[in-house]
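Note sheet for the following structure.
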Amino acid sequence: MSIETANVIPVSSEPDDAGHFGPYGGTYASETLMHALEELKEAYFRWRSDEEFMARLDADLAHYVGRPSPIYFAQRLTEAAGGARILLKREDLNHTGAHKINNTMGQGLLAQHMGKKRIIAETGAGQHGVASATVAARLGKQCAVYMGEVDIHRQAINVFRMRLLGAEVRPVTSGSKTLKDALNEAMRDWVTNIDDTYYIIGTVAGPHPYPLMVRDFNAVVGREARRQMLEQYEALPDVLVACVGGGSNALGLFHPFIGDAGVRMVGVEAAGEGLQTGRHAASLCAGRPGVLHGCRTYLMDDDAGQITHTHSVSAGLDYPGVGPEHAWLKDTGRAEYVGVTDEEALQSFHQLTRLEGILPALESSHAVAHGFKMAAGMRPDQIVLINLSGRGDKDVQTVAELEGISL
Amino acid sequence: MSNRIDRRFEKLAANGRTALIPFVTAGYPEPGWTVPVLHALVAAGADVLELGVPFSDPTADGPVIQVASEHAIARGVSVCKVLEIVREFRSGDRETPVVLMGYMNPVERYGHEEFARDAAAAGVDGVLMVDCPPEEMGDLGAFLAEQGIHPICLVAPTTTEARIKSIAAQARGYLYYVSFKGITGANRLDAAALAGPLARLREYSRLPLAVGFGIKGPESAAAVAGLAEGVVIGSALIEALGAADSADAACTAVTAFLAPIRAAMDNTSL
């Protein structure tokens, strides 16, 4: 779309003081955590308006993470789709290979300023675990990462990376042994070690202020992309596409564009084996509002309110909830949410690798699949910007196994 | 509005006795055993009963209650079933207060208004939502109040003075003091360190104080009984239940577990 049509519309996506995005979000936490959350909120609001803190973060993002990441015109993918131009925001080029480091750099620095000596994190695909372990190593802090047993098996390379970085990877054997259970265990650790421990949540979920804070730290993606679009294309994209598990890379890209009425935002959830099969992780597409992990949001549960097991080929999207701001964006209609199956994502994984020489993470492959579909139905003068949130090196083993190849 | 909880604590105070408050996960180990187990607990000296509503993701609980919850869920225990259990218990015991303890999502799914109405009809006296601080209670708090059900609130070692004030203003029945920073069943109780925080609580609330988390047997129960109006025992009791292979065995096990605790507490009450 041209800049002239990029009208700013007054859509507020800021939560109230208690972290509510409309009816979503909030602080559904046990009493032991309430004071720690209050402290975290105060610290975050103080430091985010501190020039020195923000300058340090910007410098770290530039010199350590390697920002800004480019927006790349995927010419052969565009030709294959035969419609709109497809651009990729290359978060896969960040240090540690995904957008997750944007958040852990910010929260790590915050932990430092709050005087916490120990960092804990939960992880699904292992990207957030690696990003947390990386920051902990750099800041000289102890680090424990909780990871479901199922995910430990499917992301063995990332587990070893975390150990190399000095983190202790703690296997989680309760429940479905995936991301949601890792989050439960990390919360239990935090409640127990609240005085000296900082919990880096890896997505825009959890109790206030996490959804807001994680979004803010990832919003560097959207701010950069918006500036790059205007500088390089003198236009804003017509559509933004990003995968949504908890939703941090999507909100990071979307948020700075929320006021641009002409920019459509499409979040892509994991439809697993198909939305109709029940074996998926698409809480916005097929779930309903409830309370999980500290916030009110869309989630997947049964009629008794028990959280159901999810399925996705990508560990990073295998989560039964979603960030509360996404729930709000869905209800207000400002963003749309769709599902992409395991099979479609795997096809895109191969397609992008062969056409562009870029190996995408299985998570990001969901966004690529849907962006490609959309581009095919659009005009050549239009632009689809896909957040390539992570690289796929970690998924090589999974893909080989799925295809019956032993490495 | 006064209910069974208030009446029970008034009576205990008059007799100089500390409330023994066992917690069991509803439907563990078998749904059909919970009602006889509750009656056995009362017979062994329980004054208030806390009944856990199982949830798939109990983030404030340790492994014992977590496994008991998974076990009960696998046997089809839902909010609906828990209320059925309370109704059946109530038909044989009109006096002992019952407090439901659980997490928000199952109640969300049941519906706030329907939950308050059906819980009151079943004979529930208090509700403690572990993952819902008073500021998020919203209409659930109002519906419970309408039905005369007390919101039971937690206070933790980390709760600030300002929060204690606002919690005290909303809490009814009794205040549940979490004895340490941690999850249920952990081994971190330091009874001697409780005196200070409990005294601080009394500056803001006249409600009876019950202490829970980490109380495992007669010795720790007796130590806490000297400081508070109530002693909550959960994980250790559930462990005692775990080995039972019949309803009778479950009742025998909880009686054998609870009776010495009652005796120890009665020797050291306030």
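The values are calculated or read from the model by the stated rules, or taken from the named source; none is laboratory data. Fair warning: this is a prediction, and the values are worked out from it, not measured in the lab. Because the Cβ atoms are built from the backbone with ideal geometry, glycine has one as well, and the counts that use them run over all protein chains shown. The protein model used for the area step is the full one, side chains on, heavy atoms only, and it has no ligands, DNA or RNA in it. Shrake-Rupley method; radii C 1.70, N 1.55, O 1.52, S 1.80 Å.
Worth a mention:
- 5 angstrom amide H check on A:HIS20, placed H, neighbours 5+ away: A:GLY26
- Estimated FRET transfer efficiency (A:ALA261, A:ASP302; beta-carbon r; R0 51 Å; 0.05): 0.85
- Rh (Kirkwood; distinct C-alpha pairs) - the protein assembly as shown, Å: 26.0
- Distance between the 7 Å Cα→Cβ label points at A:GLN347 and B:ALA142: 5.1 nm.
- Partner shielding of A:296-305 amounts to 5, given as the average count of beta-carbon atoms from other chains within 10 Å of each residue beta-carbon.
- Label positions at B:GLU10 and B:ARG117, each projected 7 Å from the Cα along the C-beta direction, are separated by 3.0 nm.
- 5 angstrom amide H check on A:GLY339, placed H, neighbours 5+ away: A:GLU269
- Springs between Cα atoms under 10 Å define the GNM used for chain A, and in it the highest mean-square fluctuation of A:ARG226, A:ARG354, A:ARG67 occurs at A:ARG354.
- GNM result for chain A, Cα springs below 10 Å: residue of A:HIS208, A:HIS113, A:HIS255 fluctuating most strongly: A:HIS113
- Probe 1.4 Å, accessible area per residue of chain B, Å²: 35
- With at most 14 other Cβ atoms within 10 Å, longest stretch of chain A clear of loop GluC sites (Glu not before Pro) (DSSP): A:1-233
- Chain B - mean residue ellipticity at 222 nm from DSSP helices (-39,500 (n - 2.57) per run, n ≥ 4, rounded to 500): -14500 deg cm²/dmol
- Share of carbon and sulfur in the accessible heavy-atom surface of segment B:4-265 [1.4 Å probe, %]: 52
- B:LYS165 contributes about 120 Å² of solvent-accessible surface, heavy atoms of the protein only, 1.4 Å probe.
- FRET efficiency, A:ARG163 to A:ARG288 (Cβ-Cβ, R0 41 Å, nearest 0.05): 0.55
- Of the accessible area of chain A, computed with a 1.4 Å probe over protein heavy atoms only, carbon and sulfur atoms account for 51 percent.
- Summed over both chains, the area buried between A and B is near 2900 Å², taken from the accessible surface of protein heavy atoms with a 1.4 Å probe.
- Counting every pair of alpha carbons in segment A:227-307, the share spaced more than 21 Å apart comes to 42 percent.
- Helix runs (DSSP H) in chain B reaching 18 Å along axis by Cα, Kyte-Doolittle at least -1.0: B:79-92, B:247-266
- Of B:GLY234, B:GLY76, B:GLY102, the one that fluctuates the most in a GNM where chain B has Cα springs shorter than 10 Å: B:GLY76
- For segment B:177-187, Karplus couplings with θ = phi - 60° (6.51, -1.76, 1.60), whole Hz, Gly/Pro x: 8, 7, 5, 8, 7, x, 9, 4, x, 6, 9
- Within segment A:162-184: backbone nitrogen closer than 14 Å to the A:HIS153 label point (7 Å, Cα to C-beta): A:172-174, A:176-178
- Residues whose placed amide H lies under 5 Å from that of A:GLU122, excluding near-sequence neighbours: A:TYR146, A:GLY202
- On a per residue basis, segment A:287-380 carries 31 Å² of accessible surface, using protein heavy atoms and a 1.4 Å probe.
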